[in-house]
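The structure under discussion appears below in the form of structure tokens.
The values are calculated or read from the model by the stated rules, or taken from the named source; none is laboratory data. Here the structure is a predicted model, which is why all the values come from computation and not from measurement. FYI the Cβ positions are ideal-geometry reconstructions off the backbone, even for glycines, and counts take in every protein chain you see.
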Amino acid sequence: QAKLKAAQPIEVEWEGETPKPAWFWWNPEGKNLVTQWRTTPFAIDLNKDGLNDLVMLDQEGYLAFFERAKDDDGKLILKHPQRIFENEEGNPLQLNERTAGKSGRRKFTMVDWDLDGDLDILINSKNIDLLRNVAEDGGYRFKNEGQVAERILAGHTTCPTTVDWDGNGVPDLLVGAEDGYFYHLTNPNQEK
């Protein structure tokens, strides 16, 4: 039977001192990645170079791009994060500005939900909110379009992912909710 490897820290090639959330009473060791709690890490080859990058909240609640690369010796590394994701006004996309026990708690997935050729974000809420990518230059600028459906699934949080169970090449939404159930939403954008 397959076994998981032992837990190990994720290291980042930080530019300067290793950051941490301001309210943490402890300091990270070495180059360890430390961020807000209950935060979803999302692995995706965002820059299409054949290596899976990491997209997740940084220590201040901004959505950040941790590029995967190879160093001069060919070893895989994560580069210092970049805040390449923007809100509708063009400012860095902060998904949680709260601190301490109210920090983090963001669960999301990135997918071309509206089938226009760029990545959107589906993010937890009382249902799931759509952050539509409205960038015109191939970048990452997002407008919150609100909930994808009216039904309230949570008072606390939900967890989105996408599936294509009908095999039509269009991503549909699968939501894990705090009531222990899964909810499925067929993508309303069915022309591909």
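Based on what the data block shows, is R38 at positive phi and of a type in the set (D, E, K, R)?
The answer is yes for R38.
Could you list, in sequence order, the residues of the range 149-164 that are at pLDDT 95 or above and over 17 Å from the mean Cα position of the chain (by Cα)?
Result: D164, single match.
Which of the numbered conditions does K107 fail, given that it passes all the others? Conditions: (1) under 19 Å from L33 (Cα atoms); (2) out of contact with any Ser or Thr (no Cβ under 6 Å at 6 or more places or on another chain).
Status for K107: all satisfied but (2).
For the range 113-126, does any single residue satisfy the condition of being assigned to a loop (DSSP other than H, G, I, E, B), at pLDDT below 95, closer than 26 Å to W14 by Cβ and among the small types (G, A, S)?
No: the range 113-126 contains no residue that is assigned to a loop (DSSP other than H, G, I, E, B), at pLDDT below 95, closer than 26 Å to W14 by Cβ and among the small types (G, A, S).
Which one of N187, N168 is outside any strand (DSSP E or B) and crowded, with 17+ Cβ neighbours inside 10 Å?
N187
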